[in-house]
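The values are calculated or read from the model by the stated rules, or taken from the named source; none is laboratory data. All figures in this text were calculated on a predicted structure; none of them were measured in a lab. Cβ sites come from the backbone with ideal geometry, for glycine too, and all protein chains shown count toward neighbours. Heavy atoms of the whole protein, side chains included, go into the accessibility calculation; ligands, DNA and RNA do not. Shrake-Rupley method; radii C 1.70, N 1.55, O 1.52, S 1.80 Å.
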Amino acid sequence: MKPDRDRPGASRVLASVGRTRPRQRTSDRVYEELASAIRDLRIPPGASLSETELAEQLHVSRTPLREAIVRLVETGLVSVVPQVGTRVELIRLDDVEQARFVRESLETAAFAEACAKPVRDVSALRDLLAEQERCHARGDIDAFFAADEALHEQIFAISGYLGAWQVMQPMKMHLDRLRRLSLPEPHTVQALIAEHTAIVDALEAGDAAGGREHLVRHARRVQNTAPALQAQYPEYFSS
């Protein structure tokens with residue numbers, strides 16, 4: 001799916017959160033929906049955000065919406081300028097690189113811990129690889145991205161450090177927007193599946209050194225793709 005350059009803002013791209021998951025705070029639900037929409041490029045970089053439109057779309061009041069926007073400002077995904085308005089921040093490559101470094105550092109450490117386990121059940125990872133193949137075959141980029149994320153999360157789960165995966169999510173969203181931007185290209189998806197397969201094979205074999213090499217190459221893919229994406233979508237990037 002190619003990002004829609006003509007999309008005016010948040011209208012028509014957000015799901016109602018007003019009556020879902022009643023045990024969760026409304027502001028948390030709003031934050032999750034907005035963060036997901038920004039990460040998935042349903043709300044593109046540079047888009048203006050109207051509190052009135054957001055509240056109507058999400059079926060929430062202004063108070064939880066404003067609390068969620070404050071959190072998004074703290075993550076660097078949104079900016080609020082007095083007398084100008086609220087907008088989604090452009091992609092900053094410095095932020096992407098910071099997130100890439102954190103992800104690579106934590107995931108290679110988690111992978112080493114997972115390899116050290118006497119029993120490593122990779123069946124869930126194999127299922128996720130198969131799901132990625134199915135998503136690729138039917139051209140479902142959204143589902144592929146979800147299966148991609150689930151595979152990496154599962155590595156942290158096997159290592160016993162799932163909390164590390166959860167902690168890095170706010171920062172990782174800067175990286176995720178660039179990753180998501182690259183996914184419409186079929187050869188990119190094929191290469192990602194091949195890299196994922198090599199990582200899972202290494203984990204199953206307990207090959208910590210080989211797996212680390214695959215993970216580092218996989219994590220640094222964004223360094224190679226960023227210039228071309230910036231040239232293709234200059235309006236999405238901060239100069």
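For segment 157-174, state whether one or more residues are open to solvent by less than 20 Å² (accessible area, probe 1.4 Å), under 15 Å from the mean Cα position of the chain (by Cα) and charged (D, E, K, R). Scanning segment 157-174, I find at least one residue that is open to solvent by less than 20 Å² (accessible area, probe 1.4 Å), under 15 Å from the mean Cα position of the chain (by Cα) and charged (D, E, K, R), so the answer is yes.
Residue pairs whose Cβ atoms lie under 6 Å apart, sitting 6 or more positions apart in sequence or on different chains, and linking a residue in segment 102-114 that is under 12 Å from H152 (Cβ atoms) to a partner that is of a type in the set (D, E) and open to solvent by less than 50 Å² (accessible area, probe 1.4 Å), do not occur here. Determine whether A99 is aliphatic (A, V, I, L, M), surrounded by 15 or more Cβ atoms within 10 Å (Cβ to Cβ), within 30 Å of P45 (Cα to Cα) and modelled with pLDDT of 95 or more. Yes.
Considering only segment 184-224, state which residues are touching a residue at least 60 places away in the same chain (Cβ under 8 Å) and not in a helix (DSSP H, G or I). Selection gives P184, G206, D207, R220. Number of residues in segment 27-50 that are open to solvent by less than 50 Å² (accessible area, probe 1.4 Å), free of Cβ contacts under 8 Å to residues at least 60 places away in the same chain and not basic (K, R): the value is 12.
What tally of residues in segment 117-139 results from selecting those that are among the aliphatic types (A, V, I, L, M) and open to solvent by 80 Å² or more (accessible area, probe 1.4 Å)? The qualifying residues number 2. In segment 67-78 there is at least one residue that is touching a Phe, Trp or Tyr at 6+ places or on another chain (Cβ under 6 Å) and either of a type in the set (D, E) or open to solvent by less than 20 Å² (accessible area, probe 1.4 Å) (or both).
For V73, are the conditions met, namely being more than 24 Å from D207 (Cβ to Cβ), of a type in the set (V, I, T) and at pLDDT below 95? Considered against the rule, which asks whether it is more than 24 Å from D207 (Cβ to Cβ), of a type in the set (V, I, T) and at pLDDT below 95, V73 comes out as no. Test L151 against the criterion of being over 15 Å from the mean Cα position of the chain (by Cα), open to solvent by less than 20 Å² (accessible area, probe 1.4 Å) and farther than 22 Å from T75 by Cα, and give yes or no. No, not satisfied.
What pairs come out if I take residues in segment 60-72 that are on the phi < 0 side of the Ramachandran plot and pair them with residues that are open to solvent by 20 Å² or more (accessible area, probe 1.4 Å) and among the acidic types (D, E) whose C-beta lies under 7 Å away, six or more apart or interchain? These pairs meet every condition: R62/E51; L65/E51. The condition of being under 23 Å from N224 (Cβ atoms), touching a Ser or Thr at 6+ places or on another chain (Cβ under 8 Å), open to solvent by less than 30 Å² (accessible area, probe 1.4 Å) and not small (G, A, S) holds for only one of F111, F144, that being F111. Taking L183, is it of a type outside the set (S, T, N, Q) and at pLDDT 95 or above? Taking the combined requirement at face value, the residue does not satisfy it. Taking residues in segment 83-96 that are open to solvent by 30 Å² or more (accessible area, probe 1.4 Å), and partners anywhere that are in a helix (DSSP H, G or I), the pairs with Cβ atoms closer than 7 Å and at least 6 places apart or on different chains are L90/Y236; L93/A226; D95/H174.
Within this structure, E195 fails the test of being open to solvent by 20 Å² or more (accessible area, probe 1.4 Å) and modelled with pLDDT under 95. Apart from one condition, V84 fits all of (1) over 26 Å from L203 (Cβ atoms); (2) in contact with a Lys or Arg (Cβ under 7 Å, 6 or more places away or on another chain); the exception is (2).
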